[in-house]
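To start, the structure under review is shown below, and the notes come after it.
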Amino acid sequence: MSERPTNTPAASREVGTPAKVSLRAERSNPAPRARRGLLRRFAPRNDGWRGWRWIRTTAIVSAVLVVAALGSLVAYAVSLGPLPLDEARQTSVTVVDRHGKLLRAYAMADGRWRLPVDASTEVDPRYLKLLFAYEDKRFWSHHGVDPLAVGRAALQLVTQGRIVSGGSTITMQLARLMEPRRQRSLSAKLRQMVRAVELEHRLSKQQILDLYLALAPYGGNLEGIRAASIAYFGKEPKRLTLAESALLVALPQSPEHRRLDRHPDVAREARDRVLARMVEDGVVSAEDAAQARAVPVLRQRKPMPILAPHSADQAVIADKDAPLIRLTLDAGLQRALETLARDRAAALGPDISIGIVAVDNANGDVLAHVGSADYFDDRRAGQVDMVRAVRSPGSTLKPFIYGLAFEDGFVHPESLIDDRPVRYGAYAPENFDMTFQGTVPVRKALQLSLNVPAIELLDRVGAARLASRLKQAGTELVLPKDEAPGLAMGLGGVGIKLIDLVQLYSGLPRLGSVLPLREIASSGNDKRETLRLMDQVAAWQVGSVLLGTPPPENAVRNQIAFKTGTSYGYRDAWSVGFDGRMTIGVWVGRPDGAPVPGMIGRVAAAPVLFDAFARSGHLRAPLPKAPRGTLVASNARLPLPLRRFRPAGDLVRTGDDKALRIQFPLNGSRIDAVSEASVGALPVKVAGGVLPMTVMVNGLSVGEIDGRRQRLIAPPGPGFVRLTVMDAVGAADTVVVRIQ
């Protein structure tokens, strides 16, 4: 029997075969067929046209999605407002020395310590190496967000169910510090990412790092690595040990929980974890890490440095808006002299304070300014700056009297001068020891600080001229109200500041030219001009004389030119000295002006001066050589007029002639114009001299002395009057009186 032919495939003739089942399923569920149609429509094929259309469509869709995402991010960034950079850049006001070392910092208004820092020059490179390795390995290459770090953190969160390592970059952490948020959420993280990208666009990498190192929290009110390094280790972050670096890397992760002054054990554990990870990453050797782990973490916090507090206070007042103020001081010398003042004051008594100023002769920079023995000692009035307090100078103005006398040419250091009792009206100067030395060389008179020779020279120079010359050199003497300069100023009858006195003395090693002192370093051109104190020869002669002053006990002679002084009533003890490089002034006394019996400059102040030079750390520099034209000779080889000093008109004569002398009015006296001029004239009487004699008032002739050696002159009016009488052989005598 033949079989019936058929066109049906053999596989489909059997009931329940897979082909039939598949066909029925496809007919009952059209979705797979639709998907295949969609795939056929968009899938790339070998014909070229359809494949290109699929690629183009995919690119367009992707671009639209990217643009939409970027637009959303831009809109989100705009909604955040501007970056708070101005607030983030605010720091504590800091005062540094001439080398950039911190002298004093002032806490911010809210009590935080936030010190500016330059990571490139002020931070230990090893700390930076640990910081990048621990916090942000690709800091220098990413643009604010590190995709690899974010992906790793997300994967760890998904696989382990907790945060193993954060994905925040240093830039993101800076964004969080600039805009702190308490909650930790995806929206907060997104905000940090947007801000980080914005920061990278606005700032350089170095600026971002500097700002982060200034804002990072370290517990309490400490912000920034510099504040933390100073508070915890007592030093700048320039030279940190490995243990210190690891600790400072660990603290910002949980600053309050790891505070050294509260939780040192927790801080140590965090430090050790940083070291362990650095060993795993090959950043630190196992041996170095072991040594660092052996370093204990102490429960301590050191106070912020307060050097030169008086200078710092004055500088901040002078420039209130400056975040950084650079002074001319030297931190090392300042610290040494502050210690010296504190130790010496403690030895002198509980109420004694000390002021010290050290100046660079070459440029007038103040190298040290010690305003008191202890800034925080209330009993010593430590916050009163005795460097700028007006006090009586005692005998410290005498060198300038002698300098003007040398300049005028009527006396020489080897001239002889009489130290004998003398009276100027009602004023009769006496020496400190109530004795007189007789005839002595001018050099010795200044070195022994004899009072009578100094007053005799001042009488010849003129008190008003001395005051005018000192003012010309930048020093304003303080006189009692309605008082004019008089002879008493030669023994301390005026007021002066220690800083001004040191400025005057610094002009002597500069051969008579004074450069105004400065404590705040100028950022531009220094426009200070030199001021004239006296001529070069006179300044050198004064310095030469003071160099031979007998030093305090156990001190070396002929190395420091110095002068001491003691004010009336033992209220102020002074000593000012100089060599070729530096001038130092010392004041000792009670800030309240109370007397300290027995306190004199030579005993109380001079030893402090010599000790200050010894602690300055520099070798003694010689004084300048004698200028051209300086007369260096013994008394016997001096010209006859210079061999012995005599007051004006006191000439050497033969026979019975006597020196011309004005007997009335007395030099320095006050004359009541009403009583003396009631007859319309003021009598002038002289003794000695050779007739005829001419009377001059303020340089103008008013007539001749009669045979009775007197003359009546018309009072020229209230004020100071200079009366001069000159005889026939040229001898003259002059007095200055005040008509009132």
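The values are calculated or read from the model by the stated rules, or taken from the named source; none is laboratory data. Not measured: the values here are computed from a predicted model. Neighbour counts run over all protein chains shown; Cβ positions are idealised from the backbone, glycine included.
For the residues GLY598, GLY580, the requirement of being in contact with a Pro (Cβ under 6 Å, 6 or more places away or on another chain), touching a residue at least 24 places away in the same chain (Cβ under 8 Å) and either buried (at least 24 other Cβ atoms within 10 Å of the Cβ) or more than 18 Å from GLN447 (Cβ to Cβ) (or both) singles out GLY580.
Only one of the numbered conditions (1) assigned to a loop (DSSP other than H, G, I, E, B); (2) touching a Gly at 6+ places or on another chain (Cβ under 7 Å); (3) under 18 Å from GLN503 (Cα atoms) is violated by TYR570, and that is (3).
Of all residues in segment 503-516, those that are among the charged types (D, E, K, R) have Cβ atoms under 8 Å from Cβ atoms of residues that are surrounded by 23 or more Cβ atoms within 10 Å (Cβ to Cβ) and modelled with pLDDT of 95 or more, 6 or more apart or on another chain, in ARG510/ALA539. Annotation note: Cβ proximity below 7 Å between a residue of segment 618-641 that is in contact (Cβ under 8 Å) with a residue 24 or more places away in the chain and over 20 Å from ARG510 (Cβ atoms) and a residue that is surrounded by 10 or more Cβ atoms within 10 Å (Cβ to Cβ) and of a type in the set (Lys, Arg) (sequence gap 6+ or interchain) occurs for ASN635/ARG643. When segment 487-523 is filtered for residues that are among the hydrophobic types (A, V, I, L, M, F, W, C) and within 22 Å of the chain's Cα centre (by Cα), the ones remaining, listed by number, are LEU498, ILE499, LEU501, VAL502, LEU504, VAL514, LEU515, LEU517, ILE520, ALA521. Entry remark, segment 531-553: residues being touching a Phe, Trp or Tyr at 6+ places or on another chain (Cβ under 9 Å) and either assigned to a loop (DSSP other than H, G, I, E, B) or not assigned by TED's automatic domain parsing to the domain that holds ASP579 (or both) number 6 in total. Among the residues of segment 217-238, which ones are part of a loop (DSSP other than H, G, I, E, B) and surrounded by fewer than 23 Cβ atoms within 10 Å (Cβ to Cβ)? Listed by number, the residues that qualify are GLY220, ASN221, GLY234, LYS235, GLU236, LYS238.
Listed by first and then second residue, the pairs linking a residue in segment 280-291 that is under 18 Å from ALA270 (Cβ atoms) to a residue that is β-branched (Val, Ile, Thr) and surrounded by fewer than 14 Cβ atoms within 10 Å (Cβ to Cβ), with Cβ atoms under 9 Å apart and 6 or more places separating them unless they lie on different chains, form an empty list. Of the helices (runs of 4 or more DSSP H) that lie entirely inside segment 590-689, those containing 3 or more residues that are within 21 Å of PRO552 (Cβ to Cβ) and modelled with pLDDT of 90 or more span 606-615. Please work out if VAL274 is assigned by TED's automatic domain parsing to the domain that holds MET108 and surrounded by fewer than 21 Cβ atoms within 10 Å (Cβ to Cβ). No: the conditions fail for VAL274.
Elements of the type helices (runs of 4 or more DSSP H) sitting completely within segment 396-509 and holding at least 1 residues that are of a type in the set (S, T, N, Q) and under 23 Å from GLY719 (Cα atoms): these cover 463-472. Looking across segment 246-305, just one residue is aliphatic (A, V, I, L, M) and in contact with a strand residue (DSSP E or B) (Cβ under 7 Å, 6 or more places away or on another chain), and that is MET304. Does LEU511 satisfy the condition of being aliphatic (A, V, I, L, M), modelled with pLDDT of 95 or more and surrounded by fewer than 21 Cβ atoms within 10 Å (Cβ to Cβ)? So LEU511 fits the description; yes.
Please name all residue pairs, on different chains or six or more residues apart, with Cβ atoms under 6 Å, provided the first residue is in segment 689-701 and is surrounded by 12 or more Cβ atoms within 10 Å (Cβ to Cβ) and the second residue is of a type in the set (S, T, N, Q). Going by the 6 Å Cβ cut-off, the qualifying pairs are THR694/SER701; MET696/THR724.
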